[in-house]
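Everything on this sheet refers to the single structure shown next.
The values are calculated or read from the model by the stated rules, or taken from the named source; none is laboratory data. Here the structure is a predicted model, which means the values were calculated and not measured. Every residue, glycine as well, gets a Cβ built from its backbone with ideal geometry; the counts of neighbours run over all protein chains shown. The area values use the complete protein model at the heavy-atom level, side chains included, leaving out ligands, DNA and RNA. Shrake-Rupley method; radii C 1.70, N 1.55, O 1.52, S 1.80 Å.
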Amino acid sequence: MHHIFLEFTELEPGVKSVEDLKYVIRDEKQTAFVMSAVVARFIKDALIMNQTIISLKNCRFAFEGGAEFVEFDNKGKSKIYTEQPDWFITPGAFARSQWLVNHELHDLATPQFISTFIDMFPDVKKRREHCNILFNLQLDDVNSQSKTLLTTGKPGNKTRNSTKPKIVDLGSYELFSQFFARLKNAVDADIFPTVQVLTGIDDVAKVPATLKNAARTWFKAISSELPPNSKRVGAGNSALFCAPVRQQIQQIEAYGVERYYQYLSKTIAEAGEQFITDFDVKFPA
């Protein structure tokens with residue numbers, strides 16, 4: 001029994017979020033779904049933290065339309081490769097088979113299929129893209145014009161939206177427990193818990209944005225501070241910085257680390273689009 005997840009930008013994903021992923025892999029039946037870019041990024045970030053992820057045992061992932069593949073065996077050990085495996089299916093073949101089943105379109109009469117399909121894709125551009133795949137129309141790439149427009153525009157934050165990082169939760173206790181262990185080891189040794197320490201990656205430039213912001217979010221929730229930057233580290237006196245964090249860790253351990261993460265994950269979800277700097281979490285009663 002395997003769960004197969006395919007990153008096809010041309011098709012509407014059946015697994016859009018990490019919560020969807022967790023729901024699907026609980027099923028003992030063999031499944032195959034298109035996954036969103038969010039889920040694909042989550043898996044790649046998780047692999048940076050650990051090559052063995054028990055919760056993903058017997059799962060198979062195809063990234064970027066089949067450019068890269070990851071398989072997890074029955075013990076959760078991963079194997080990454082680029083040679084196309086026999087279980088991979090092209091977007092067109094998948095769209096005309098399992099994708100229809102996943103979206104409950106496979107057994108509809110033609111008139112009902114047409115009306116349901118139109119309702120499913122009110123955006124004409126998305127509807128055209130799916131028709132192109134389903135019926136092998138071989139239309140010109142509808143994204144080419146928009147890509148050209150994007151590349152010819154002037155760089156910069158045109159919408160003047162804030163670039164401050166927002167709160168992120170990776171939706172995995174397994175990853176949080178690894179973060180928590182690194183944090184505990186650091187403060188117990190009076191070592192500044194920098195982003196590099198919290199993620200286990202020495203070169204901060206190589207830390208994926210989602211992983212980096214998740215570490216910042218979790219640390220802010222625990223300590224009410226952001227991870228120390230180079231300026232704070234340069235100022236010294238790590239013992240002073242670590243002492244209150246150590247107290248918070250002891251409090252979380254007494255409460256239960258997994259229980260605390262469940263509370264924190266729910267709090268992050270309820271907070272929505274909040275900046276990390278503004279994020280404040282009260283300890284559960």
Query raised in the report: Can you list the aspartates and glutamates whose alpha carbon sits under 16 Å from that of Lys231, skipping same-chain ones fewer than 8 residues off?
Result: none
Report task. Mind giving me the nanometre distance, one decimal, between the label points for Ile80 and Ala243, set 7 Å out from Cα along Cα→Cβ? Result -> 4.2
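Per 0.36 nm of contour for each residue apart, how much would the distance between Tyr255 and Ile118 grow if the chain were fully extended, relative to their Cα-Cα spacing? Could the numbers behind the result be given before it?
On the way: separation 137, 0.36 × 137 = 49.32 nm, distance 5.06 nm.
Roughly 44.3 nm would be gained on extension.
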Report task. Of the listed values (i) 5, 20, 22, 16, 11, 7, 5, 4, 3, 3, 2, 1, 1, 1, 0, 0; (ii) 6, 23, 28, 24, 14, 5, 1, 0; (iii) 6, 27, 37, 24, 6, 0, grab the one calculated as P(r) over Cα pairs in 10 Å bins from 0, in percent from the structure here. Result -> (ii)
Requested in this report: Give me the distance in nm between label points sitting 7 Å out from Cα along the Cα-to-Cβ direction at Arg26 and Asp188, one decimal.
Outcome: 3.3
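Calculate the FRET efficiency for His2 and Phe283 from the Cβ-Cβ distance with a Förster distance of 51 Å, rounded to the nearest 0.05. If you can, show how the numbers build up before the last one.
On the way: r = 41 Å, r/R0 = 0.81.
Efficiency, rounded to the nearest 0.05: 0.80.
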Query raised in the report: Got a sec? Which residues in segment 17-58 would a label at Leu105 touch, if it sits 7 Å along Cα→Cβ and we count backbone N under 17 Å?
Result: 32-36
Requested in this report: From largest accessible area down, sort Thr210, Thr217; use a 1.4 Å probe on the protein chains.
Outcome: Thr210, Thr217
Query raised in the report: With each label point set 7 Å from Cα along the Cα-Cβ vector, what nm distance links Asp73 and Glu273?
Result: 4.5
Query - Test item: Cα-centred dipole of the chain, Lys/Arg +1 and Asp/Glu -1 on Cβ, debye - result: 880
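At 1.4 Å probe size, with the rest of the protein present, what percent of the exposed accessible area of the chain is carbon and sulfur atoms? Before the final figure, lay out each step's value.
Details: 8330 of 16230 Å².
Carbon and sulfur atoms account for 51 percent of the accessible area of the chain.
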Report task. Kindly provide the Kirkwood hydrodynamic radius of segment 230-285 in Å, to one decimal, from all pairs of distinct alpha carbon atoms. Result -> 13.4
Report summary line: Looking only at aspartates and glutamates whose Cα falls under 14 Å of Lys44's and that sit 8 or more positions away or on another chain, we get Glu7, Glu64, Glu68, Glu71
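Which order do peptides 179-191, 97-109 fall in by mean Cβ count within 10 Å, highest first? Please report the intermediate quantities before stating the final value.
Working: 179-191: 17.1, 97-109: 14.5.
Sorting 179-191, 97-109 by mean packing, highest first, produces 179-191, 97-109.
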Report summary line: Check: C-alpha center segment 67-134 vs C-alpha center segment 221-268, spacing in Å is 42
Query - segment 182-285: relative contact order as a whole-number percent, Cα under 8 Å and 6+ apart - result: 31
Requested in this report: Before anything else, pin down the relative contact order of the chain: Cα pairs under 8 Å, at least 6 apart, normalised by residue count, whole percent.
Outcome: 15
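Given a 1.4 Å probe, how much area per residue of segment 1-131 is accessible, in Å²? Don't jump to the answer; show the numbers that get you there.
Details: 7080 Å² over 131 residues.
Dividing the accessible area of segment 1-131 by its residue count gives 54 Å².
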